[in-house]
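Heads up, the thing below is written out as C-alpha cells.
Read the figures in this text as sums done on the coordinates, not as results from a lab. Since the model is a prediction, treat every value here as computed from it, not as a measurement. With ideal geometry, Cβ positions are generated from the backbone for all residues, glycine too; neighbour counts draw on all protein chains shown.
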Amino acid sequence: MPGGMEHCARRAASRDEAVSDRLRVAIIGSGPAGFYAAEALLKRTDIVVNVDMFDRLPTPYGLVRGGVAPDHQKIKTVIRVFESTAARPTFRFLGNVRLGSDLQVEDLRRHYHQIVYATGNEADRRLGIPGDGIAGCTPATVFVGWYNGHPDYRQAKIDLSAQRVAVIGNGNVAIDAARILLRTPAELEKTDVAAHALEALRESRVREVFILGRRGPGQASFTPSELKELGKMEAVDPVITPEELEDGMGSETAGDAERHRNLEIFRSFAARPQRADAKKLHLRFLVSPTEVIAGPDGNVFSLAIERNRLEARPDGSVAARGTGKTEVLEVGMVLPAIGFAARPIPKVPYDEKALVIANEDGRVVDPATRAVIANEYVVGWARTGPQGLIGEHKRASAHVVEHMTADGAGLAARELPERDQIISLLHERGVRPVSFSDWKRLDEVEVARGAQRGAPRDKIVDVEAMLAILAQH
Ligand SMILES: Cc1cc2nc3c(=O)[nH]c(=O)nc-3n(C[C@H](O)[C@H](O)[C@H](O)COP(=O)(O)OP(=O)(O)OC[C@H]3O[C@@H](n4cnc5c(N)ncnc54)[C@H](O)[C@@H]3O)c2cc1C
C-alpha cells in the first residue's frame, strides 16, 4: 500500500477505534445534580463520553427554574455554568421525554453503557392530620410551582383572599413561600415570577403569615442569609415574641455556627419596633398542627396547634414532644412545607423508607437485597432526599462519577445501537424531543416577553404552547 494511503487507512482505523471507545451515558433529569454529573463526565480525560440528558419538561434546569424563588435571581446565574456544559459537542439535551412513560429503563439499558438518575424530589411529604388536603390547604410544592410557572402547577387553585396564612415547616422553602406571599407587586414584577401568579398576587389580601416550627429556634434549618432577608423586606415586619424565643433556646442543636447565627437574627427580630402599617411575618416555635379545620364553605377556616416542649434524645439530638396545650390559629390558608420525597419511577428501584432511589453511595441497588444494579447510578436529591444547596451538588455528583469511572473499565467495548436511534425510537412513539437549541429558542421568546415588564423573562407555562412555538420556527 502506498505510504499516503496507508497513513489514511491507519488514521481511519484509529478514528474507528476511538469511536468504538466512546462511552455513552444517559442522565435523566436536568437539574443541578444532573448537570454537574454531565460536567464531570464530559471532563473525563481517559475516555470520550457522549452524554444524552433527558428531562420530562421541554425546559432544562429543574428546581433552578421551578423552585428557586423569583426574587432570588442571582442564584439562577448558575445556569451559565450549565450552558457551558450543554455547549460541549458530546452533550445532547432531550427534553419533553419522561422516563417511565415515553422511555422505559429497558430502552436506556439497550442504548447506553451507563445510566444516571437525577430526577430530584418531586413528591411532597404530607401532614397526615385531619383536614390535610381540604380546599386552601395546599402543599408548598404546589404553591412554589405555581408562582414559578412550572407546567404541572399552572392551573393550581391558589386563593389569596384570606388575610392570614400558616406556613408549616422551618426550612428555606417555608421562608420562600412566606416571602412571596408578602412581597409587594412592585418587588415582584421585575422578577421572573409567572405572569398568572403576579396577577393573583396583585389582588392578594394576605397581611399576616405565620411560619410554624415544631421544634425551637435553635433547631430551625433556615440558612442565616435567607432568614436575615426577612428583616429587609419593604412592607413587612418579622414578629417573634421574646418569651417564645427564650422558651425554645438552650438546646444542644443550637451549637453549630449557622444555628448560632440564626439565634442572633431571631433576637434582633424580637427587639425590633413594629410598624403599625406593615404586614406581619410571625415566627412561631414549639408548635405542631393537629387539625386543619374547615369552615361552612369547606375551605380552611383555622388551624389547631399543640404546644411542644423539647426533649433531648440519647444520641444528642432534640425531639419535640406535645404538651397537650392547644390553641386555634385563625387562618384561611395552610401551606405545609415539611419536606419532599423522590417520586417513584416504574422499574427504577425505590427505597420506601428513605423515599429516594435505592442506592449505596450513589450506586443503585435492589431495595430488598441491597445488591448493586450494574451501570446504574443516582445523584442529587433523588439520591439523598432534600438536603443541600445547588452548589453542593457539584462535589456530590463528581463523587458518583468517580464510582462510574471505577466501575466502567471495558464497558465502552459493548456495542450499542447508533446514537440517533434513541431519537428515532421516540419519534416512533409520537414523542417530540426538545433539543438544547430548541430550548434556546424558547428562552429567547421568554426573555423578549419579560422585557415588556422589565423582568428577566416571562415564562411560558404550558408545554403545548412551548411545542407550538417550536413547530412555528
Ligand atoms: C422551593 C425551593 C427553593 C430552593 N431555593 C434554593 C436556593 O435559593 N438556593 C439553593 O442553592 N438551593 C435552593 N433549593 C435547593 C435546590 O433547588 C436543590 O438542591 C437542587 O435543585 C436539587 O437538584 P436535583 O438535580 O437533584 O433535582 P431537581 O433540580 O429537582 O431536578 C430534577 C429534574 O428531573 C426531572 N425529572 C423528574 N422526573 C423525571 C422523569 N421521570 N423523566 C425525566 N425527567 C424527570 C425534572 O423535570 C427536573 O428537571 C431550593 C429548593 C426548593 C424546593
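Report the Cα-based extents of region 126-338 along its three principal axes, largest first, to the nearest Å.
Projected onto its principal axes, the Cα set of region 126-338 covers 48, 36, 34 Å.
Can you compute the charge dipole magnitude of region 126-338 about its Cα centre, using +1 on each Lys and Arg Cβ and -1 on each Asp and Glu Cβ, nothing else charged? Give it in debye, rounded to the nearest 20. All intermediate terms of the calculation are to be shown ahead of the outcome.
Numbers: 27 positive and 30 negative charges, 28 e Å.
Dipole size: approximately 140 debye.
Give me the net charge for the shell around residue 341: Cβ to Cβ below 13 angstrom, other residues only, Lys and Arg +1, Asp and Glu -1. Before the final figure, lay out the partial values.
On the way: positive: 125, 126, 343, 353, 383; negative: 122, 124, 351, 352.
Local net charge: +1.
Hey, what do the phi angles of region 26-32 turn into as Karplus ³J(HN,Hα) couplings, whole Hz, using 6.51/-1.76/1.60 and θ = phi - 60°, x for Gly and Pro?
Taking θ as phi minus 60°, the curve returns 9, 10, 9, x, 10, x, x Hz for region 26-32.
For region 323-471, what class follows from the C-alpha gyration tensor (a ≥ b ≥ c being the square roots of its eigenvalues): rounded when a/c is under 1.5, otherwise prolate if a/b is larger than b/c, else oblate?
Working: a/c = 2.05, a/b = 1.06, b/c = 1.94.
Because a/c hits 1.5 or more and a/b fails to exceed b/c, region 323-471 counts as oblate.
What base-10 log of the normalised intensity I(q)/I(0) is obtained for the chain from the Debye formula, alpha carbons as equal point scatterers, at q = 0.09, 0.12, 0.14 Å⁻¹?
Reported log10 I(q)/I(0), two decimals: -0.67, -1.11, -1.38.
Are any of the pairs 74/228; 43/76; 157/459; 157/232 more than 21 Å apart by Cα-Cα distance, and if so, which? Show your work: numbers first, answer last.
Numbers: 74/228 17 Å; 43/76 23 Å; 157/459 19 Å; 157/232 30 Å.
Pairs exceeding 21 Å: 43/76; 157/232.
Quick one: which of 28-35, 362-369 comes out on top by average Cβ neighbours within 10 Å, and what's the full order, highest first? Can you show the working numbers first?
Numbers: 28-35: 29.6, 362-369: 15.5.
In descending order of packing, they fall as 28-35, 362-369.
List the residues of region 28-71 whose backbone N lies under 12 Å from a point placed 7 Å from the Cα of residue 80 along the Cα-to-Cβ direction.
From region 28-71, the list is empty.
Going by Cα centres, region 422-445 and region 51-122 are how many Å apart?
13 Å
Using r as the Cβ-Cβ distance of residue 157 and residue 48, and R0 as 56 Å, what FRET efficiency do you calculate, to the nearest 0.05? Kindly include the intermediate steps, with their values, before the conclusion.
Working: r = 50 Å, r/R0 = 0.89.
With R0 = 56 Å, the Cβ-Cβ based efficiency is 0.65.
In straight Cα distance, which aspartates and glutamates are under 12 Å from residue 394, not counting same-chain residues fewer than 8 positions off?
Hits, sequence-local ones excluded: 39.
Can you check what the net charge comes to around residue 397, using other residues whose Cβ is under 14 Å from the Cβ of residue 397 (Lys, Arg +1; Asp, Glu -1)?
Values: positive: 43, 44, 363, 383, 394, 395; negative: 39, 361, 392, 402.
Every neighbour counted, the sum reads +2.
Beta carbons within 10 angstrom, averaged per residue: use that to sort the peptides 186-194, 118-126, 235-243, highest first.
On the way: 186-194: 18.9, 118-126: 21.9, 235-243: 17.1.
In descending order of packing, they fall as 118-126, 186-194, 235-243.
Return the distance in nm (one decimal) between the two label points of a simple spin-label model at residue 309 and residue 203, each offset 7 Å from Cα along Cα→Cβ.
Each label point is offset 7 Å from its Cα along the Cβ direction, giving 4.9 nm.
Taking the alpha-carbon distance from residue 353 and a cut-off under 17 Å, which aspartates and glutamates remain once sequence neighbours fewer than 8 residues away in the same chain are dropped?
Cross-link targets: 122, 124, 361, 366.
Between residue 278 and residue 424, what length comes free when the chain is fully extended (0.36 nm per residue of separation minus the Cα-Cα distance, one decimal in nm)?
Values: separation 146, 0.36 × 146 = 52.56 nm, distance 5.84 nm.
The residue 278-residue 424 span can extend by a further 46.7 nm.
First select every other residue whose beta carbon is under 12 angstrom from the beta carbon of residue 443; then total the charges, Lys and Arg +1, Asp and Glu -1.
Working: positive: 65, 440, 441, 449, 457, 459; negative: 83, 192, 438, 444, 446, 458.
Spelling it out: positives minus negatives among the neighbours equals 0.
Quickly work out the residue 353-to-residue 247 label distance, labels modelled 7 Å from Cα along the C-beta direction, and quote it in nm with one decimal.
Distance between label points: 3.5 nm.
Could you pull out every residue, at least 5 positions away or on a different chain, whose amide H is within less than 5 Å of the one on residue 27? Hs are placed 1.01 Å off N in the peptide plane, and Pro or chain starts have none.
Those lying under 5 Å, H to H, from residue 27 are 52, 53, 54, 116.
Whole-Hz ³J(HN,Hα) for each residue in region 320-330, computed from phi via Karplus 6.51 cos²θ - 1.76 cosθ + 1.60 with θ = phi - 60°, x for glycine and proline: what do you get?
Each residue's phi maps through the Karplus curve to give 9, 10, x, 9, x, 7, 10, 7, 10, 9, 7 Hz.
Using a Cα-Cα cut-off of under 13 Å, which aspartates and glutamates could be cross-linked to residue 440, ignoring same-chain neighbours fewer than 8 residues away?
Answer for residue 440, where 13 Å is the Cα cut-off: 83, listed by chain and number.
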